[in-house]
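The values are calculated or read from the model by the stated rules, or taken from the named source; none is laboratory data. What you see is a predicted model, and the numbers here were worked out from it, not measured in a lab. Note: ideal-geometry Cβ built from the backbone for every residue, glycine included; neighbour counts use all protein chains shown. The area values use the complete protein model at the heavy-atom level, side chains included, leaving out ligands, DNA and RNA. Shrake-Rupley method; radii C 1.70, N 1.55, O 1.52, S 1.80 Å.
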Amino acid sequence: MKKMRIMGGKPLSGEVTIGGAKNSTVALIPAAILADTPVTLDGVPDIKDVHNLMSILKSMQVSSKFEGDVLTIDPTHILPTPLPNGRIKSLRASYYFMGALLGKFGEAIVGLPGGDDIGPRPIDQHIKGFEALGAQVTNEHGAMYIKAPDEGLHGARIFLDMVSVGATINVILAAVKAKGKTIIENAAKEPEIIDLATFLNNMGANIRGVGTDTIRIEGVDHLAAHNSHTIIPDRIEAGTYLAMAAAAGNGVLVKNIIVEHLDAFLAKMEEMGVQLDYYEDSIFVHPTKSLKMVQIKTAPYPGFATDLQQPITPLMLKAKGEGLIIDTIYPKRVKHVPELIRMGADITIENDVIILHHADQLSGAEVSADEIRAGACLMTAGLMATGVTTIYNVDNILRGYDRVVSKLRGLGAQVEIIDDVKSASAS
């Protein structure tokens with residue numbers, strides 16, 4: 001086990017470059033097995049989720065190589081291997097192998113997904129999609145057994161009962177090689193879904209309507225990569241550093257951003273009084289003076305992202321007045337709240353609503369990052385605080401934030417990751 005130690009009170013300055021989108025990458029890697037050729041991905045973030053997915057690929061005889069930010073994947077010798085719980089539990093996005101293996105081989109055996117504990121995230125919509133395409137789905141001993149009929153998957157009209165990024169992606173992966181036309185209605189619109197469809201279309205898929213609530217897919221027989229695919233910038237990482245720059249910065253330029261992907265988030269920062277200068281693919285964050293509280297309500301894209309409600313929380317603590325955060329997507333995503341209270345935050349939860357008041361000063365403390373975005377929140381709080389903040393369970397941060405220590409040090413932060421001897425000996 002490792003922990004992160006932050007010496008607070010050092011204003012950040014300079015520039016930071018955002019990596020490729022985690023939420024694209026974890027779908028693109030399973031999608032690569034649909035190809036009949038080797039695949040090259042550019043702009044891949046160096047995060048634990050990538051290395052975990054590479055180990056799952058290896059178990060299927062798929063070789064991969066990660067150098068710099070380029071990942072090459074060769075699925076030409078793939079074997080249809082069951083993916084049991086052990087490899088899957090730590091990584092929720094591994095459930096995309098359900099759709100990818102079903103699309104590739106007509107069957108999949110995949111352990112039920114793990115990942116962050118941020119409340120219930122059922123996979124009933126994924127199953128509904130697979131069954132509509134003709135597959136039989138059973139749950140045996142904690143693993144999903146998914147099998148297409150002998151004649152293969154067929155196109156279908158699928159209406160998702162709720163907007164689900166995961167279900168939208170999984171149905172695309174299963175349907176892209178199914179016979180006939182598939183129509184997904186009430187589909188999620190996230191940029192990462194557009195990124196996946198661009199990748200697949202460049203290999204010969206026929207996917208239209210991504211970015212709207214109706215996606216149309218004409219099945220094809222073969223997919224082959226002819227060029228490398230560059231992953232879009234990570235809008236959640238970008239939002240995290242923008243909020244961090246506003247909360248603890250003395251002038252920071254955040255580079256490699258698609259501004260339109262952050263419209264709802266940037267609108268809230270401006271409403272708070274943060275001064276931002278926009279450039280073609282970067283944003284300069286001015287030092288903040290007086291800020292006012294806002295109300296934030298998360299919503300599916302293009303609304304305010306649930307993954308950004310925790311990263312913006314420390315910035316809100318600098319504002320005057322009373323602020324509210326209502327997470328309509330994951331109302332139980334509140335594990336950062338008791339940790340912030342340990343640091344001196346005036347923050348409470350009532351009926352799944354987070355209520356915030358101005359905190360004159362946060363103090364360094366020992367806190368725990370129980371999931372990725374809670375960890376991002378605590379990093380920013382640690383940078384704002386006086387004294388030393390020690391964040392345990394830092395592996396959760398490393399699952400989702402590319403080269404985070406070197407990026408923070410590049411901005412002037414005093415931060416290090418060290419082995420947690422106490423946890424190691426306790427375990």
By residue number, the members of the range 383-398 that are in contact with a Leu (Cβ under 8 Å, 6 or more places away or on another chain) and either among the hydrophobic types (A, V, I, L, M, F, W, C) or not in a strand (DSSP E or B) (or both) are Leu383, Met384, Ala385, Ile391
Taking Val39 as meeting all but one of (1) out of contact with any Lys or Arg (no Cβ under 6 Å at 6 or more places or on another chain); (2) open to solvent by 10 Å² or more (accessible area, probe 1.4 Å); (3) of a type outside the set (Ser, Thr, Tyr), write down the number of the exception. (2)
Given the condition in contact (Cβ under 8 Å) with a residue 24 or more places away in the chain, outside any strand (DSSP E or B), touching a helix residue (DSSP H, G or I) at 6+ places or on another chain (Cβ under 8 Å) and over 22 Å from Thr386 (Cα atoms), answer yes or no: does some residue in the range 337-354 qualify? no
Yes/no for Asn170 being in a helix (DSSP H, G or I) and either open to solvent by 40 Å² or more (accessible area, probe 1.4 Å) or without any contact (Cβ under 8 Å) to a residue 12 or more places away in the chain (or both): no
Pick from Thr313, Thr328, Thr288: which is in contact with a helix residue (DSSP H, G or I) (Cβ under 6 Å, 6 or more places away or on another chain), of a type in the set (Ser, Thr, Tyr) and part of a loop (DSSP other than H, G, I, E, B)? Thr288
Hey, can you tell me all the residues within the range 329-345 that are surrounded by fewer than 20 Cβ atoms within 10 Å (Cβ to Cβ), modelled with pLDDT of 95 or more, on the phi < 0 side of the Ramachandran plot and not aliphatic (A, V, I, L, M)? Pro338, Arg342
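Could you tell me which of the residues Leu242, Leu253, Leu266 is under 17 Å from the mean Cα position of the chain (by Cα) and either open to solvent by less than 40 Å² (accessible area, probe 1.4 Å) or at pLDDT 95 or above (or both)? Can you show your working first?
Working: Leu253 fails: under 17 Å from the mean Cα position of the chain (by Cα); Leu266 fails: under 17 Å from the mean Cα position of the chain (by Cα).
Of the residues listed, the single one that is under 17 Å from the mean Cα position of the chain (by Cα) and either open to solvent by less than 40 Å² (accessible area, probe 1.4 Å) or at pLDDT 95 or above (or both) is Leu242.
Looking at Gly400, Gly364, Gly321 in this structure, which one is open to solvent by 10 Å² or more (accessible area, probe 1.4 Å) and touching a residue at least 40 places away in the same chain (Cβ under 8 Å)? Give the derivation first.
Details: Gly400 fails: open to solvent by 10 Å² or more (accessible area, probe 1.4 Å); Gly321 fails: touching a residue at least 40 places away in the same chain (Cβ under 8 Å).
Testing whether each residue is open to solvent by 10 Å² or more (accessible area, probe 1.4 Å) and touching a residue at least 40 places away in the same chain (Cβ under 8 Å) leaves just Gly364.
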Criterion first (in a helix (DSSP H, G or I), touching a Leu at 6+ places or on another chain (Cβ under 6 Å) and at negative phi) does Ile33 satisfy it? no
What is the one condition in (1) touching a residue at least 12 places away in the same chain (Cβ under 8 Å); (2) aliphatic (A, V, I, L, M); (3) in contact with a helix residue (DSSP H, G or I) (Cβ under 8 Å, 6 or more places away or on another chain) that Val163 does not satisfy? (3)
Does Val50 satisfy being part of a loop (DSSP other than H, G, I, E, B), among the hydrophobic types (A, V, I, L, M, F, W, C) and open to solvent by less than 10 Å² (accessible area, probe 1.4 Å)? no
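Can you pull out every residue in the range 216-269 that is among the polar types (S, T, N, Q) and within 18 Å of Val285 (Cα to Cα)?
Here is the first cut: in the range 216-269, the residues among the polar types (S, T, N, Q) are 227-228, 230, 240, 250, 256.
Those that are among the polar types (S, T, N, Q) and within 18 Å of Val285 (Cα to Cα): Thr240, Asn250, Asn256.
Quick check on Ser24: is it open to solvent by less than 40 Å² (accessible area, probe 1.4 Å), modelled with pLDDT of 95 or more and closer than 30 Å to Val285 by Cα?
yes
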Residue check, Gly375 buried (at least 16 other Cβ atoms within 10 Å of the Cβ), over 24 Å from the mean Cα position of the chain (by Cα) and within 29 Å of Lys292 (Cα to Cα): no
Please go through the range 403-416 and give me each residue that is in contact (Cβ under 8 Å) with a residue 12 or more places away in the chain and assigned to a helix (DSSP H, G or I), ordered by number. Val404, Val405, Lys407, Leu408, Gly410
Run Arg5 past the list (1) more than 18 Å from Thr240 (Cβ to Cβ); (2) assigned to a strand (DSSP E or B); (3) open to solvent by less than 20 Å² (accessible area, probe 1.4 Å) and report the number of the one that doesn't hold. (3)
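Name the single residue, out of those in the range 182-215 being of a type in the set (D, E, K, R) and under 18 Å from Lys128 (Cβ atoms), that is surrounded by the most Cβ atoms within 10 Å (Cβ to Cβ).
Of the range 182-215, the ones of a type in the set (D, E, K, R) are 185, 189-190, 192, 195, 208, 213.
Within this subset, residues satisfying the condition of being under 18 Å from Lys128 (Cβ atoms) are 185, 213.
Working: Glu185: 12, Asp213: 15.
That would be Asp213.
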Can you pull out every residue in the range 302-336 that is of a type outside the set (A, V, I, L, M), more than 22 Å from Ala385 (Cα to Cα) and under 17 Å from the mean Cα position of the chain (by Cα)? Pro302, Gly303, Phe304, Thr306, Asp307, Asp327, Tyr330, Arg333
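Of the residues Gly142, Gly129, which single one is open to solvent by less than 10 Å² (accessible area, probe 1.4 Å) and over 21 Å from Pro75 (Cα atoms)?
Working: Gly142 fails: open to solvent by less than 10 Å² (accessible area, probe 1.4 Å).
Among Gly142, Gly129, only Gly129 is open to solvent by less than 10 Å² (accessible area, probe 1.4 Å) and over 21 Å from Pro75 (Cα atoms).
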